[in-house]
1. May I ask you to list the residues in segment 136-189 that are modelled with pLDDT of 95 or more, among the β-branched types (Val, Ile, Thr) and within 16 Å of ligand 2 (Cβ to nearest atom)?
2. Anything in segment 171-230 that is among the polar types (S, T, N, Q), closer than 19 Å to Val95 by Cα and surrounded by fewer than 20 Cβ atoms within 10 Å (Cβ to Cβ)? List them, or say none.
3. For segment 121-139, how many residues meet the condition of being hydrophobic (A, V, I, L, M, F, W, C), in a loop (DSSP other than H, G, I, E, B) and more than 11 Å from the chain's Cα centre (by Cα)?
4. Which one of the conditions (1) within 16 Å of ligand 1 (Cβ to nearest atom); (2) outside the structural domain of Lys11 (by TED's automatic domain parsing) does Gly130 fail to meet, given that it meets all the rest?
5. Is it true that Asp90 is acidic (Asp, Glu) and within 16 Å of ligand 2 (Cβ to nearest atom)?
6. Can you name every residue in segment 168-208 that is within 17 Å of Arg22 (Cα to Cα), of a type in the set (A, V, I, L, M) and in a helix (DSSP H, G or I)?
7. Looking at segment 211-229, which of its residues are over 18 Å from Ala169 (Cβ atoms) and in contact with a strand residue (DSSP E or B) (Cβ under 7 Å, 6 or more places away or on another chain)?
Amino acid sequence: MDEIRMICPAKINLSLDVTGKREDGYHFVKMIMQSISLEDVVTVRRIKDGIKIYCDSSEVPCNETNSAYKAAKLIFERYNINGGVEILIDKKIPVAAGLAGGSTDAAGVIKAINILYEMNLSLQDMMDLGVKIGADVPYCILGGTALSEGIGEILTPIKPVENLWCVLAKPHFAVSTREVYSKLKIDEIPRHPDINKLITYIEKKDYKNLAENMVNVLETVTMKDYPVIFEIKNIMMEFNALGSLMSGSGPTVFGLFENKSSGERCYNRLRDYLKEVFLVRTCN
Ligand SMILES: C[C@@](CO)(OP(=O)(O)O)[C@H](O)COP(=O)(O)OP(=O)(O)OC[C@H]1O[C@@H](n2ccc(N)nc2=O)[C@H](O)[C@@H]1O
Ligand SMILES: Nc1ncnc2c1ncn2[C@@H]1O[C@H](COP(=O)(O)OP(=O)(O)O)[C@@H](O)[C@H]1O
């Protein structure tokens, strides 16, 4: 096989807690991750040597700082592979949005090279490699519904959340994950999510209680600078979301809906207000 097309889904955090800080500045997290049907398409082609990268978005760097490029470089070096790849990214996931767009492209490239070069790496091998690119990459390799701990590399699959309707709204600015974590004061977090309880709701398919009790401790940090996040959450709740939360470090806000029609009503309302709004489903 010479070419492979990877469908690389975005994620949302159904809740996000921070429990401490490592000496190198990274934070210990406990979060519930969920894949959604908003996807980049990454085509990876086998070439003789070198890494070539192309992307249709002006917001994404087409050079060695691209997460997909870094993933290819790392796997080639680590496993001493004699060869190269051409990577084409069809970008659909908003950039620097809290949706793991860069991480999912990196995960797709690792999986693609594993297949193209017949490496037979296990999921765990690929996840161990992925964390060197970014904390969310191991999860993006696994996908679905999962508990994420450590700095994001300790993953436990959870019973999949079944096809919930989800509206995403991204305000027109980007947020730096590093900056949000650096502004967080762990001792002053006003409310922590009860992650274990939320997992029992997922196991019981009690999505109403799940949605009503979601908490993201990074929300207050990003919201302080950008109150529009609070406004979007309020609109989602007015439009009958089961619950609404900022994803990751933001600024994307998502709302979970019981059915397509209520999701559509909210989607139509937010489209008057923002450019980047999506109606998607949770997926596995
Ligand atoms: C907040 C989350 C929630 O899923 O997602 P996003 O908002 O980025 O999508 C993640 O924890 C983000 O993971 P990711 O975006 O892969 O992080 P990295 O590239 O490894 O790190 C960017 C910077 O964020 C900080 N960082 C990241 C992860 C973590 N557990 N603790 C941290 O303190 C570090 O300062 C690091 O330099
Ligand atoms: N393949 C990629 N896709 C998106 N962004 C990328 C990629 N490679 C590098 N970046 C850079 O990574 C930063 C974070 O982007 P992204 O991964 O979309 O955000 P987040 O961590 O909030 O989910 C951006 O500033 C972007 O320029």
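The values are calculated or read from the model by the stated rules, or taken from the named source; none is laboratory data. Because the structure is predicted, anything quoted here is derived from the model rather than measured. Backbone-built Cβ (ideal geometry, glycine too); neighbour counts: all protein chains shown.
1. Once the filter is applied, which keeps residues that are modelled with pLDDT of 95 or more, among the β-branched types (Val, Ile, Thr) and within 16 Å of ligand 2 (Cβ to nearest atom), segment 136-189 yields Val137, Ile141, Ile151, Thr177, Val180.
2. Taking segment 171-230 and keeping what is among the polar types (S, T, N, Q), we get 176-177, 182, 196, 200, 209, 213, 216, 220, 222.
Now drop any that are not closer than 19 Å to Val95 by Cα, which leaves 176-177, 222.
Residues satisfying the conditions are Ser176, Thr177.
3. At the first step, the residues of segment 121-139 found to be hydrophobic (A, V, I, L, M, F, W, C) are 121, 123, 126-127, 129, 131, 133, 135, 137.
With the extra rule that they be in a loop (DSSP other than H, G, I, E, B), the set shrinks to 121, 131, 133, 135.
Then keep just the ones that are more than 11 Å from the chain's Cα centre (by Cα); that gives 121, 131, 133.
Summing the residues that are hydrophobic (A, V, I, L, M, F, W, C), in a loop (DSSP other than H, G, I, E, B) and more than 11 Å from the chain's Cα centre (by Cα) in segment 121-139 gives 3.
4. (2)
5. Values: acidic (Asp, Glu): yes; within 16 Å of ligand 2 (Cβ to nearest atom): yes.
Answer is yes for this residue.
6. At the first step, the residues of segment 168-208 found to be within 17 Å of Arg22 (Cα to Cα) are 177-187.
If we keep only those that are of a type in the set (A, V, I, L, M) too, we end up with 180, 184, 186.
Across segment 168-208, the qualifying residues are Val180, Ile186.
7. Going through segment 211-229, the residues over 18 Å from Ala169 (Cβ atoms) turn out to be 212-213, 215, 217, 220-221, 224.
Glu212, Val215, Val217, listed by residue number.
Residue-by-condition table, conditions (1) surrounded by fewer than 22 Cβ atoms within 10 Å (Cβ to Cβ); (2) over 13 Å from Pro171 (Cα atoms):
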site	(1), (2)
Glu238	yes, yes
Ser244	no, yes
Ser247	no, no
Glu258	yes, yes
Arg269	yes, yes
